[in-house]
1. Of Ser103, Ser98, which residue is closer than 21 Å to Gln225 by Cβ, at pLDDT 95 or above and among the polar types (S, T, N, Q)?
2. Does Ala220 satisfy the condition of being among the small types (Gly, Ala, Ser) and crowded, with 20+ Cβ neighbours inside 10 Å?
3. Residues being over 12 Å from Val182 (Cα atoms) and of a type outside the set (Asp, Glu): count how many of those fall in region 83-112.
4. Across region 199-216, what is the total count of residues that are over 17 Å from the mean Cα position of the chain (by Cα) and under 12 Å from Thr148 (Cα atoms)?
5. Name the residues in region 148-158 that are buried (at least 21 other Cβ atoms within 10 Å of the Cβ) and among the small types (Gly, Ala, Ser), would you?
6. What is the residue count in region 133-178 for residues that are of a type in the set (A, V, I, L, M, F, W, C), out of contact with any Phe, Trp or Tyr (no Cβ under 9 Å at 6 or more places or on another chain) and closer than 16 Å to Ala116 by Cα?
7. Hey, does region 162-179 have a residue that's open to solvent by 10 Å² or more (accessible area, probe 1.4 Å), assigned to a loop (DSSP other than H, G, I, E, B), at pLDDT 95 or above and under 30 Å from Leu197 (Cα atoms)?
8. List the number of the failed condition for Ala31; all other conditions in (1) within 21 Å of the chain's Cα centre (by Cα); (2) within 22 Å of Trp102 (Cα to Cα) hold.
Amino acid sequence: MNVATWNVEHRIGPAALLFDETAEALRARSAASPSDGNHRLLRVLRILEPTIVLGSAQSAEDIIQPLSVPVVRRRSGGGAVWLDPAAVVWFDIIIGRSDRLWSDDVGQAMWWVGEAFAQSLRALGDDLAMVHQSAMIHHPLERKVCWTGLGPGEVTHGASGTKSVGIAQRRMRNAALFQVGVLLSPCQHLLADPMGLDPSVILVGERGIGVDPQALIESAIGVLQRIT
């Protein structure tokens, strides 16, 4: 039986570069032989400036106002995310098909990710961190703004439905990528002006956890590395 090992990377750079690096790492993991073992990759990523990140199937036409921030596209699904280095901590996780954490059910595949981050938040005092383990809860704006919907594995503050951890997934034949955003403070409503939306609708779905980002990173790494 292969023992799972974690490779942890810390990277700082423009969002577009960090997305490209993760995409290359995912392709490499998918191309690797199963005999290479259960090697897991955790990338802790920090962008240089606030950036709007569009989902893979989203139209750039959703941005209707002039912008002062970059706009990039990720290859995982969902709506737009306001990625702010002061308000969101970004993690990418890659596992191979041979990993015991792999699930062919794309919804349940994210449960373990959500539970790891819920444990991290509980360790930092958020006793109400709760993993959504049911079907997607839809919202009329979810195709435009990721944070308005609630998907399997995402973390809410108790039964309130306000989301503190968002997860997007991309799968290849032999590897899966989980892109995780932990909200330190509300910022997704900043998508309202460039997308011509009502900010109050977006704000209802987001909850900042208000913890030190380094403490969160250390807590998350510790929890993940204990998953064998």
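The values are calculated or read from the model by the stated rules, or taken from the named source; none is laboratory data. Bear in mind the structure is a predicted one, so any value in this text is a computation, not a measurement. All Cβ positions, even for glycine, are placed from backbone atoms using ideal geometry, and neighbour counts span all protein chains on display. Note: accessible area is taken over every heavy atom of the protein model, side chains too, but ligands, DNA and RNA are not part of it. Shrake-Rupley method; radii C 1.70, N 1.55, O 1.52, S 1.80 Å.
1. Matching residue, one of Ser103, Ser98: Ser103.
2. So Ala220 passes the test.
3. 17
4. The total comes to 6.
5. Once the filter is applied, which keeps residues that are buried (at least 21 other Cβ atoms within 10 Å of the Cβ) and among the small types (Gly, Ala, Ser), region 148-158 yields Gly151, Gly153.
6. Summing the residues that are of a type in the set (A, V, I, L, M, F, W, C), out of contact with any Phe, Trp or Tyr (no Cβ under 9 Å at 6 or more places or on another chain) and closer than 16 Å to Ala116 by Cα in region 133-178 gives 1.
7. Checking region 162-179: not a single residue is open to solvent by 10 Å² or more (accessible area, probe 1.4 Å), assigned to a loop (DSSP other than H, G, I, E, B), at pLDDT 95 or above and under 30 Å from Leu197 (Cα atoms).
8. The failed condition is (1).
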